[in-house]
Structures are given as C-alpha cells and as structure tokens.
There are 2 protein chains.
Amino acid sequence: MTTTKLITHLPQEKMPYLLRRGDGERYLFGNQVATIIANAESTGDIFSAAVIGGPKGESFPMHTHPNTYESIYVMEGRVQFVIDGQSHLLLPGDYAHITPGTEHAYQLLGHRNSFISYSISGDITKVYPALGQSYEHIEYPPFTDHAYSEEHRRQAEQQADIVFSTGSTEFPAYELVSNHIVPDEVSNYVLESGEGIRLLTGDQVHRLLATQKTTDGAYIVVASDGPKGDEIVSHYHNHHTETFFCTQGRMTMWANDEEIQLFPGDFLHVPAGTVHSYRLDDHFTKVVGLLVSGLFEPFFRLLGDEYEHYMFPNNPGPARIDRLMENIDTLDLNVVGPPNSHQKK
Amino acid sequence: MTTTKLITHLPQEKMPYLLRRGDGERYLFGNQVATIIANAESTGDIFSAAVIGGPKGESFPMHTHPNTYESIYVMEGRVQFVIDGQSHLLLPGDYAHITPGTEHAYQLLGHRNSFISYSISGDITKVYPALGQSYEHIEYPPFTDHAYSEEHRRQAEQQADIVFSTGSTEFPAYELVSNHIVPDEVSNYVLESGEGIRLLTGDQVHRLLATQKTTDGAYIVVASDGPKGDEIVSHYHNHHTETFFCTQGRMTMWANDEEIQLFPGDFLHVPAGTVHSYRLDDHFTKVVGLLVSGLFEPFFRLLGDEYEHYMFPNNPGPARIDRLMENIDTLDLNVVGPPNSHQKK
C-alpha cells in the first residue's frame, strides 16, 4: 500500500495538511506578522485563517468585511477589539464573533500578542500580501520601519472582501470580556475564556463558541478540553471540513492513517473525505476547531449533555452514543474503525 | 560508567530532579489544588515552590509571611492580588514580588487560573497539607465541598511561616498591571508581562524580575525567551541552586549528562554541583528561573547588554564573553565543556 505523506506547507489546492506553529505564508505589515494557515486555494474556497502576532501599540484600522464572517480567538497578550462601537479587551481564550458588514478594528496592548482569525467564506487573508511584504522569519521583529499607505489599502480592497472606513480610528475605553451568552441569532458578540455552550462527552468538555444560529449555518467554532485520554473512533465526513488548532497541552492525531503529534500552535486541516481521529495526551489539553459548514453541530448536542461546570470531571461523564446511533442517518458521520485500528506501516 | 537516572518525584533530600507538569505533592484546599514542586527537604531548606490552580471565585484570605519572600508568576487566567492594600489583576506573564511581613491575599477571577508561587527561604508550602487534603488527580475538580476551618488555619500557622489576618478579606477594585520599574531596594511591586530589566545575550532576552536589590541578595528571578537556538556551554555552580520552569514552547536540557525535553509546566531542579546546559527548541520558548542565592545576577549583566525592545532580534546580538572572562573569578561559574560534549550512553 502506498501512503502519501501529509503535506506540511500551505498547498495550492484543497487537501489535508499539517502546519507546525509558524509555518504558512508570512507577511510583515507594520510591526505585525500575519501567518496565513488556510486560504481559498488550500480549503476549496470555503474559509481562510491567519495567525496574527505583534507587539504593544500596533493596530489595524477600522474596516468592514461586507460578505465575510470573522471569528477571533486570542492566544496571548491583551488585544483590544472595537466591534460595532463596543470596545472590549480580549485576553487569552476570549472569543469575538464579527458578522458580515460590521465595522471593527483592533489594537495590541500586551508586550506580546497573538490571535487566530478565521474568515468564512471570503478570503480576507489576501489583505496581508496587499498591505505587507513577504517575511522570512517566524516571529515578528523587535522593531521595523515597514508602513503601508493609502495605496496599499486600495489594493487590499480590490483583492479581498474588505472596505476601510474613512477618518481616523478611535479606540474608546475598553471593558474586560465577561459575556457568557451565545446569542440565538446572527449577531456580534464576545465570550469570556471558558464560556460557550458547554457539552460534556465522557471526559471532554466541548464549548460551542459559534453555532449554526450565530452563523446562519455557515460554520461552527468548538473549543474542547480534556485530560489524557483514549483515542476516539476513526471516522470521516462526506460534506464538511474540520480543522484542529492545538492551543494547550499536546495531542495525537491520525489523518488518513498518518500519526501526528500536535503541540500548541500546530494546525491540522481535515477536509471532507479524510479519515481521522484524535487522542489527548496531556493532563490538560485544549484544541480549537473550526467546522465548515455548521451542519455537524447536532453531533455535539446529541453526544454530549449540557454541563454546568467549567472544568472537566475527575471521572468521565456519559457519552450518549445511544442518541448518536438513533440519529446517525442525519449526521455527516462515517465510522471507519475502532480506536487503534490504524494501518501499521 | 554508572549513570544515576534523574529522580522524577519530589525527593526527601536535596538533589537534582525533574517534575513533569502535575507531578509533585498535591493538596486540595477548597476548590483549589496546590502542587508542591519544591520544599525544604528537596532544596536543602533554601526555597519552596508550588503551582496553584483553581476556578473562578476561589480565594486565599489575607495573611502575612513574617520571614519569607514570595514571588508569583501567573500562567493562566485572571488572578487578583491585594498586596499591602494595592489591588492588581495579574494576567499570564505578570509578576508579583511580596516582601516578608507584607499583608496579601488573592482571588481567582478567570474560569481557569494557574500561577507559580516561589517562597524564600521559609517553607510556606507546609500550609497546604495543613489546610487541605492529599489529592490524587492532576487538575482541580469541577466542584467540591472541601472547606478548611479556623482550626486548620491555626495548624498552618504552627507549621509554616504564615499568620492569617483577623477579620474578613476585602478585594477592592483592581487595576491591570502596567508597572515596568524594578525597584532598587527591597519593596513590594508588580511587573507587566514582558517587563523586567531586559538583557540581550545573543538571540535570547533575559528579564530580571527580582534582583539582589529587591531580595536583599536572597535570590533572583529571571524570565528568558528566545528562538530555536544552539546549546549553551555545559557548566556547574559551586554555591547557588538554579531552577528551570518552562512556560512556553519547548527546550532540551542536560543535567549530569542526562538529556531531558521540557514542555510548558515542566520543572527542573538544579542544585549546586549539577553539570547542566540547555537549548531552546521552539520558535518562541520561554523559561522562568529562580536562582538562590542571588549571587549570579552579575553573570547576566556581564554577558548581556541592556535591551530596549521586548522581542528578541531576528539576527543574534552580541554576547559579551569578553566581559565574562575578565570577571570569571568573581562568578560562581565552572565551564565543563563546549556544547554537545555530553557523554554518549
């Protein structure tokens, strides 16, 4: 049997791929670095994603994406977002949901900041080559004289779903994020780290940060954490793409029978048709998933019960396999084999 | 040649040892877990250390350590510290310096919080077995009915250098930590993540968070970060103990010729006489060091130049080996061999 090794760079067509922290297409704009980890080509035009890093004082001016949702998950530092006039200070683990047509801007307030930006479905990562320059290093530099002009902004507007607002950008006094309510309609919101619709499946807590209702079905965002545990069943999906971005601890994944260890900042792209499974390997491992479209949300709600606490239990709770099996025909789920059934190479 | 494997539990006498994240002596007090990673026995009575984890709403009442310094480094969440009446919200990477005889208390405000507490020289980790109960799990539980009483507090006061304040503990409105000044005398202070006296040595930025002047010579705290790099020279110290607590990325260490990979949360205790060296293995790796006594501070100031930026440079700056060699007789430093000179086993 011939096995194709998993691609470890950003591919030019839709396929499974693995990017280690820092891998991807990198652009320097001002003193920030955007590392593009998914784009229209690599995902088959269904979403894009970039990790943004930069130092205190850097910002991005007020702008709108007329047709694109943006989901922000902060990993390091203190990141101020102004969204439709509301000013928030996002800390590690906090989430921001920005709907199409919403004015927003950000400013970096920690000495070191990083966040991931997912965009669905327009390819707003094309903004970065327009504003910035290709960058060979992994981390942003200590200082730079790079600046982008009005002309660069116009180029960005031509190449991506972005419209820069006129006038200067104001950053009003912020509040720390404390919201815990995921709306039941398409709207802008932020969520404090640990919040989201919490569902316990065995020893793992899944948090729905974005739902079919908040994205009009376009996608969901799920942050999951758990202790060292067992591998889940090997499976694939016919219709939806999944992504795994490890933010804490470490985990093992299998993709088309290739075994991969993920550490914080590593990203795995799992398009429809890819046989995959995972296992959490650290006492506290956290992984953020973007699932496009959002059709798989019922899986989490069927398998898991709503959970009032924030930390996973010492002894695993139930996983409602019975409810899953009753509804298996309505789910985009094909079970391939039990845990540990991978081809040995 | 016989090689003794490095101990991987908290030993009953002073020796080199490695504790993986979660390893150590664990105690549940309220809904918090204290994991003791160093104590009087394991360090030869020169310092102790515990990692504290817990959920939102947990707190520790106002108290004083009459004869002990405490150094706090936050790793996760939002941790409010009231220190001598000043109320601060510490975020990941923020540091608090608490001098002997200072009233202080804390409250956990994130859904998941963790910080490391170093205490010098009294063994305040004896507080946890007095207040709490031995705990088998690694992570704190989602909920608990454990509570400690006035009687438990009295026991803690008998066994450790702690005096609980009378009356109820108030947590006044806090401010985010923004201080960037390390005082030049023994006093209480906090430092924003990224601050400290910054010294560039080659490709690494060392930040002095506590100095001989702020500890009366008792110890120093150094937070260092850098990119993937080369191994430093293999060396040992005659007089001072070093510790390495990895908080981000990953690194390789050698201790008495044993090779160890450190991941976030892993702790290596390196008492005087232990031959050791290290290498940073991730694009951004961060390690926090406690050095007791503080006599090694001149090493960092001789080898490094003060650095105005916060991120390490893309191209390594100078390392002033010349200044080091001129003063080598005054430093507690014995070079054993060049990088990669370890015994092959």
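Odds and ends about this structure:
- Residues of region A:226-263 that are assigned to a loop (DSSP other than H, G, I, E, B) and within 14 Å of another protein chain (Cβ to nearest Cβ): A:P227, A:K228, A:G229, A:G249, A:R250, A:F263.
- Residues in region B:134-152 that are more than 12 Å from chain A (Cβ to nearest Cβ), touching a residue at least 24 places away in the same chain (Cβ under 8 Å) and over 24 Å from the mean Cα position of the chain (by Cα): B:H146, B:A147, B:Y148.
- Filter result (in a loop (DSSP other than H, G, I, E, B) and at pLDDT below 90) within region A:320-345: A:P338, A:P339, A:N340, A:S341, A:H342, A:Q343, A:K344, A:K345
- Looking across region B:297-317, the residues that are crowded, with 18+ Cβ neighbours inside 10 Å and more than 14 Å from every other protein chain (Cβ to nearest Cβ) come down to B:E297, B:F299, B:F300, B:L302, B:L303, B:G304.
- Selected residue (only one of A:F29, A:F81, A:F47 is more than 19 Å from the chain's Cα centre (by Cα), crowded, with 21+ Cβ neighbours inside 10 Å, on the phi < 0 side of the Ramachandran plot and more than 13 Å from chain B (Cβ to nearest Cβ)): A:F29
- Close Cβ contacts (under 7 Å, 6 or more residues apart or on different chains) running from residues in region B:92-118 that are without any contact (Cβ under 8 Å) to a residue 40 or more places away in the chain to residues that are outside any strand (DSSP E or B) and surrounded by 20 or more Cβ atoms within 10 Å (Cβ to Cβ) comprise B:P100/B:H65; B:P100/B:T68.
- Test result for A:H283, assigned to a loop (DSSP other than H, G, I, E, B) and in contact (Cβ under 8 Å) with a residue 40 or more places away in the chain: yes
- Qualifying residue in region A:280-296 (condition: surrounded by fewer than 18 Cβ atoms within 10 Å (Cβ to Cβ), modelled with pLDDT of 95 or more and more than 14 Å from chain B (Cβ to nearest Cβ)): no
- Residue pairs whose Cβ atoms lie under 8 Å apart, separated by 6 or more positions or on different chains, with the first residue in region B:232-250 and in contact (Cβ under 8 Å) with a residue 60 or more places away in the chain and the second buried (at least 18 other Cβ atoms within 10 Å of the Cβ) and acidic (D, E), are B:F245/B:D266.
- Selected residue [under 20 Å from B:V221 (Cα atoms), in a loop (DSSP other than H, G, I, E, B) and either of a type outside the set (D, E, K, R) or at pLDDT below 95 (or both)] from B:I72, B:I46: B:I46
- When residues in region A:101-121 are screened for being within 14 Å of chain B (Cβ to nearest Cβ), in a strand (DSSP E or B) and among the aliphatic types (A, V, I, L, M), 1 of them pass.
- Options B:I52, B:I124, B:I98; residue that is buried (at least 20 other Cβ atoms within 10 Å of the Cβ), away from chain A (no Cβ under 14 Å) and under 22 Å from A:Q248 (Cα atoms): B:I52
- Matching entry among B:G317, B:G304 (being closer than 21 Å to A:H137 by Cα, in contact with a strand residue (DSSP E or B) (Cβ under 6 Å, 6 or more places away or on another chain) and either outside the structural domain of B:G217 (by the TED database) or in contact (Cβ under 8 Å) with a residue 24 or more places away in the chain (or both)): B:G317
- Residue that is surrounded by the most Cβ atoms within 10 Å (Cβ to Cβ) [pool: residues in region B:166-181 that are out of contact with any His (no Cβ under 7 Å at 6 or more places or on another chain), within 14 Å of chain A (Cβ to nearest Cβ) and within 24 Å of A:P55 (Cα to Cα)]: B:L176
- Qualifying position, being within 14 Å of chain A (Cβ to nearest Cβ), in contact with a Phe, Trp or Tyr (Cβ under 9 Å, 6 or more places away or on another chain), within 26 Å of B:Y135 (Cα to Cα) and not in a strand (DSSP E or B), among B:G57, B:G22, B:G93: B:G22
- Which listed residue, of B:D184, B:D161, is crowded, with 18+ Cβ neighbours inside 10 Å, away from chain A (no Cβ under 14 Å) and over 30 Å from A:G229 (Cα atoms): B:D161
- Within region B:195-205, considering residues that are under 22 Å from B:Y69 (Cα atoms) and not β-branched (V, I, T), the one nearest to the other protein chains (Cβ to nearest Cβ): B:E195
The values are calculated or read from the model by the stated rules, or taken from the named source; none is laboratory data. From a predicted model like this one, the values you see are computed outputs, not experimental measurements. Using ideal geometry, Cβ is built from the backbone for each residue, glycine included, and neighbour counts are taken over all protein chains shown.
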